[in-house]
2 protein chains.
Amino acid sequence: MLEDSPLRRDLHWLAAQLKHGLSMIETEIAQRHGMSLWAYTVLVEVAGGPSRSQLALAAAVPVDKTKLVAILDELEAAGLDGRRPDPRDRRARLVDPTDAGRAALDAATREIRSVEDSLLADLDADRRADFVRTLQHVVTTRLAQAAGTATGPETSC
Amino acid sequence: MLEDSPLRRDLHWLAAQLKHGLSMIETEIAQRHGMSLWAYTVLVEVAGGPSRSQLALAAAVPVDKTKLVAILDELEAAGLDGRRPDPRDRRARLVDPTDAGRAALDAATREIRSVEDSLLADLDADRRADFVRTLQHVVTTRLAQAAGTATGPETSC
DNA sequence: TATTGTTATACTCTATAACTATA
DNA sequence: TATAGTTATAGAGTATAACAATA
């Protein structure tokens, strides 16, 4: 047998637990505001940038364009966003949030940030900043190298 | 709109990226040693403890007992573990690794640890220990509180 | 009657391909 | 001919229920 690693439970297990736990919590929050977590993720992008076509939106999230159709249907049925034809290209449809959509998004975002903040609340400011910075570094710099081109679309929710 | 959070990308997104990236990498490693990542996860438990029934194994991983059947079939077909009847209860079957199973497990584990270690390799020892300790703390202590009973079985792979 | 391992069934997600209307 | 959006189809993965053998 191999001797014990310094990582009691490995990084993969820890990341899976954290992701799964946050998914559960944030799914509940999103649903309380009338959205699935995927719909919340899309609405963040819809409200966070200029009016865009569904294709541009799909590239930004990122999510498959065929899946985006169902998500936008859900948001539209809940009155949280709307589609209108692009006057310059009648094939395309521009997506915009409604006022209710912006309100629901802000409320849900406040709750989600509050939960994520509270997870780190018992760390002092230095350790907390260090932790987040290190996690960002590992994900954006080291992981991209190690995984090569492996990390495509469809990574969350 | 809400003002920017100190988390550029939120914790959920970072955790999802890390988990997804490690899944891709470790799936490739496991398959190079003749296993799926689920089979590797089960084999870790099989080789890491005493001979146990499938039910005890399913509880330990954790994974559903019906799913475990298929995973053990895969391991058995690859010659990495074996099932034998429990002499004290003929309903139950005890699972043990073969010599080839232990060898494949050790080799795969070495590679997986190497990848996980290399992700943190450019951090000095203090920051690295701090990061892992904080992540373990957040997952095992803070997250369990916040998620309540939400984190059931089936959390990884 | 309850439990172990197994098989069968249904359900959810996702991935791919095909279709329409415009360009 | 190519592109934007949509719909339909197929596949993987998971969850639930039912079953045979044994306790």
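Give me the pairs: first residue in the stretch A:18-32 and more than 8 Å from every other protein chain (Cβ to nearest Cβ) and touching a residue at least 60 places away in the same chain (Cβ under 8 Å), second residue of a type outside the set (S, T, N, Q) and surrounded by 20 or more Cβ atoms within 10 Å (Cβ to Cβ), beta-carbon distance under 6 Å, and six or more apart or on different chains, which are they?
A:I29/A:A108; A:I29/A:I112; A:A30/A:L37; A:A30/A:Y40; A:A30/A:A108
Mind listing just one residue for me: the one in the stretch B:28-50 that is in a loop (DSSP other than H, G, I, E, B) and surrounded by fewer than 17 Cβ atoms within 10 Å (Cβ to Cβ) and, of those, nearest to the chain's Cα centre (by Cα)?
Once the filter is applied, the top-ranked residue is B:G49.
Restricting attention to the stretch B:74-99, and to residues there that are assigned to a helix (DSSP H, G or I) and either of a type in the set (K, R) or within 16 Å of DNA strand D (Cβ to nearest atom) (or both), which single residue is surrounded by the fewest Cβ atoms within 10 Å (Cβ to Cβ)?
Looking at residues that are assigned to a helix (DSSP H, G or I) and either of a type in the set (K, R) or within 16 Å of DNA strand D (Cβ to nearest atom) (or both), I get B:A77.
Filtering the stretch A:100-128 down to residues that are closer than 12 Å to B:T134 by Cβ and facing chain B (nearest Cβ under 8 Å), which residue is surrounded by the fewest Cβ atoms within 10 Å (Cβ to Cβ)?
Looking at the filtered set, the residue picked out is A:D122.
With in contact (Cβ under 8 Å) with a residue 40 or more places away in the chain, of a type outside the set (A, V, I, L, M) and more than 13 Å from chain A (Cβ to nearest Cβ) as the only criterion, which of B:D73, B:D81, B:D86, B:D96 stands out?
Exactly one residue qualifies, and that residue is B:D96.
Computed from the coordinates by the stated procedures, all read-outs in this text should not be read as laboratory data. The model shown is predicted, which means the values in this text are computed figures rather than measured ones. For neighbour counting, all protein chains shown are included, and Cβ atoms are generated from backbone atoms with ideal geometry for every residue, glycine included.
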